[in-house]
Amino acid sequence: MADVAKVAAAETSAPHPAQRPVRKFLFANRAALGSLAVFVVMLLIFFIANPRVFSSWGLYAAVLTTLPVALFMTSPLVFVVTSGEIDLSFPAVMGFSSLVFAFVVQAGFDPFLAIAAALIFGALLGFGVGALVVYGGLSSLVATLGMNFMLRGVILILTNSKSIAVPQLSDSLAFQITSTQVWGIPVQILWAVAFVLFCALLYNRHRFGAQVHVVGDNPDSANEMGINVNWTRVKVFAFMGVGAALAGVFSTMINFTWWPTSGDGYLLPVIASVFVGGTPPWGGIGTVLGGAIGALTVSFIQTGVVGAGLSGFYVQFFYGLIIILSLLGHRFNQVRYR
Amino acid sequence: MAEHIIELKNITKSFGSIYALGGVSLHVDPGEVVGLIGDNGAGKSTLIKILAGVIKPTSGEIFINGELVNGWSPARSRAAGIETVFQDRALAVQQSIVRNIFMGRELAGPFGWLNLKKQISEAERLMREIGFTSKVFSPNSIVGQLSGGERQGVAIARAILKQANLIVLDEPTTALSLTETAKVFHFVRQVRASGRSIVFIGHNIHHVYDIAERFVVIDRGRVAMEKAKSEIGSAQELIEYMEEVARPQAAATGEVV
């Protein structure tokens, strides 16, 4: 009896288990940690398959050069999905903004000015797509798919499907600070990590992020509490446009060439990254850091499969396997409240 | 005469060809508890949604402290000190208690970065105030884990976050246990004692009779009766009147009285 009383007393004086710092951290970040676990296990399997290749830094440096492009789009897409929408037009927005970037550089202006122009253009395109979806009352799935085709069409018409070489970038200050290597580490990844951290703060500790959560969770309630639901959604699409423009600039910096297909290859990997990272498709919740880890996982699959000694034909199979396994994992790791 | 906190004049609302409200006038004075009653579909909820700015009236005027307002919206309504606890509680169930309490009025610095510490301490204070004593919940708990009564508590905490002039409670006791219902009544008396006004909407006429000082009966989109408690003898009398209001409908389908 006395023991029971003692236990009860201890329980009331100590904070509830769910309030202990470590548990709280694990609980709050369980989706992101789950995706991290997937990544670590995958890397481990690759490493065991071919220790020699996977202990050389060159392989990681290669991934870290191209991963940033995906990261600039994955984080804003987490906002879009959390708000209860989807955006399939970001590849064309990326292509179009980087076209503006390449045009301005080719015309002889400073690359920094070109970056600013690309970002503004990307934001405007995103704003336009968002306004169309939100004020037109369209399904974002279908409308952004249409916009992706249409914008890509405009790109092809404007450029006659010809690529644009901008070799003058190679000795610009903009290139030096965004896309060189420092101690063997591609600088791009530092910018991308900074962007991801900024997005994570915006998502969790900013009024914008808080309203995006609420709008995706229960738009009627958000409206009843005086949040401008439509405007919040439009802002989310504009933010996606900015991310796509950044991705476009960084991808053009990699080999000083703009391609008419620029961005196309990112559609499915970026969307997969968001979901592999633990953001559920129904809106209201999500994780920016998880999305970044998802992007890391997805971008490692191709390199990893080939590096492990399998033929390139296995790449798609592994993409699918990882996506399905991650979804199953998150399914049991996350409760859906209604 | 003191100015009304809010006055709705000749409000109509039609959804297509159906009139939900056909010219309703309603006012609330400082420090009074108004009981809004009526049958299902009478237009009570439509009326309070107009009050909250969620639904735009088809015609009619809204006065705040005697001044005519244009462009009435949920944000304007809340800014005018009107807080509504909606029938469905209007909560985002996947979010934390604290995010729900501060929904639409987050505490943030000049650049919009949230003051999370202050939000949490404020939420803790509010939760204590309304008798949320369970150790199991913290302001960071997810609303989806809470029971109906606890969710109602979150919605009420949100309504008293700022010193509202008027708190509107739409069917606040529906689906609540007896103790939870008692808590809601306790809360209404507390608010009343602090000199603020309440509009209390309910099905249970005994509940409304106990708590309100003035009654407005809505029937088929119109105000059928408006009386102070002193003019009505008992809850039974109010119920009899409600039945009488419902009768002409039956008579109209049968014979002319």
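Any chance region B:17-39 includes a residue that's exposed (fewer than 15 other Cβ atoms within 10 Å of the Cβ), hydroxyl-bearing (S, T, Y) and modelled with pLDDT under 90? Within region B:17-39, one or more residues are exposed (fewer than 15 other Cβ atoms within 10 Å of the Cβ), hydroxyl-bearing (S, T, Y) and modelled with pLDDT under 90.
Condition first: buried (at least 18 other Cβ atoms within 10 Å of the Cβ), modelled with pLDDT of 85 or more, on the phi > 0 side of the Ramachandran plot and not β-branched (V, I, T). Can you find one or more residues in region B:202-220 that meet it? The answer is yes, given that some residue of region B:202-220 is buried (at least 18 other Cβ atoms within 10 Å of the Cβ), modelled with pLDDT of 85 or more, on the phi > 0 side of the Ramachandran plot and not β-branched (V, I, T).
Of the numbered criteria (1) away from chain B (no Cβ under 13 Å); (2) buried (at least 21 other Cβ atoms within 10 Å of the Cβ), the one A:A210 fails is (1). Within region A:88-109, residues that are farther than 19 Å from A:F256 by Cβ reach partners that are of a type in the set (S, T, N, Q) and crowded, with 24+ Cβ neighbours inside 10 Å with beta carbons closer than 6 Å, at six or more positions or on different chains, in the pairs A:L88/A:T144; A:S89/A:T144. For the condition closer than 19 Å to A:I227 by Cα, surrounded by fewer than 16 Cβ atoms within 10 Å (Cβ to Cβ) and more than 9 Å from chain A (Cβ to nearest Cβ), B:K56 qualifies. Looking only at residues in region B:75-113 that are within 9 Å of chain A (Cβ to nearest Cβ), part of a helix (DSSP H, G or I) and in contact (Cβ under 8 Å) with a residue 24 or more places away in the chain, which one is surrounded by the fewest Cβ atoms within 10 Å (Cβ to Cβ)? Going through the qualifying residues, I end up with B:A75.
Do we find a residue being more than 7 Å from chain A (Cβ to nearest Cβ) and closer than 15 Å to A:A222 by Cβ anywhere in region B:115-132? Within region B:115-132, none of the residues are more than 7 Å from chain A (Cβ to nearest Cβ) and closer than 15 Å to A:A222 by Cβ. If you go through region A:282-324 and pick out every residue that is among the hydroxyl-bearing types (S, T, Y), over 16 Å from A:L71 (Cβ atoms) and not in a helix (DSSP H, G or I), you end up with 1. Restricted to region A:94-133, and to residues that are surrounded by 24 or more Cβ atoms within 10 Å (Cβ to Cβ) and within 20 Å of A:N230 (Cβ to Cβ), which residue is nearest to the chain's Cα centre (by Cα)? Step by step, filter region A:94-133, then rank; the result is A:G126. The set of residues in region B:116-137 that are among the small types (G, A, S) and without any contact (Cβ under 8 Å) to a residue 40 or more places away in the chain comprises B:S121, B:A123, B:S134.
If the condition is being at the interface with chain B (Cβ under 9 Å from one of its Cβ atoms) and closer than 22 Å to B:P110 by Cα, then region A:223-246 contributes A:M225, A:G226, A:I227, A:N228. Scoring A:F195 on the criteria (1) within 14 Å of another protein chain (Cβ to nearest Cβ); (2) assigned to a helix (DSSP H, G or I); (3) surrounded by fewer than 24 Cβ atoms within 10 Å (Cβ to Cβ) leaves a single failure, condition (1). Determine whether A:F239 is of a type outside the set (G, A, S), surrounded by fewer than 24 Cβ atoms within 10 Å (Cβ to Cβ), touching a helix residue (DSSP H, G or I) at 6+ places or on another chain (Cβ under 7 Å) and closer than 20 Å to A:V212 by Cβ. No. Whenever a residue of region B:46-63 is under 15 Å from B:K9 (Cβ atoms), its partners that are surrounded by fewer than 22 Cβ atoms within 10 Å (Cβ to Cβ) and hydroxyl-bearing (S, T, Y), lying with C-beta atoms within less than 8 angstrom and at least six residues away or across chains, give the pairs B:P57/B:T12; B:T58/B:T12; B:T58/B:S14; B:S59/B:T12; B:G60/B:T12.
When you scan region A:201-211, do you find a residue that is farther than 30 Å from B:G81 by Cα and part of a helix (DSSP H, G or I), even just one?
Yes; the residues of region A:201-211 include at least one that is farther than 30 Å from B:G81 by Cα and part of a helix (DSSP H, G or I).
No other residue among B:F132, B:F63 is assigned to a strand (DSSP E or B) and hydrophobic (A, V, I, L, M, F, W, C) apart from B:F63. Of all residues in region A:325-338, those satisfying the criterion of being part of a helix (DSSP H, G or I) and either touching a strand residue (DSSP E or B) at 6+ places or on another chain (Cβ under 8 Å) or more than 16 Å from A:V305 (Cβ to Cβ) (or both) are A:S326, A:L327, A:L328, A:G329, A:H330, A:R331, A:F332, A:N333.
The values are calculated or read from the model by the stated rules, or taken from the named source; none is laboratory data. Remember, it's a predicted structure, so these values are computed and weren't measured experimentally. Cβ atoms come from the backbone with ideal geometry, glycine included; neighbour counts cover every protein chain shown.
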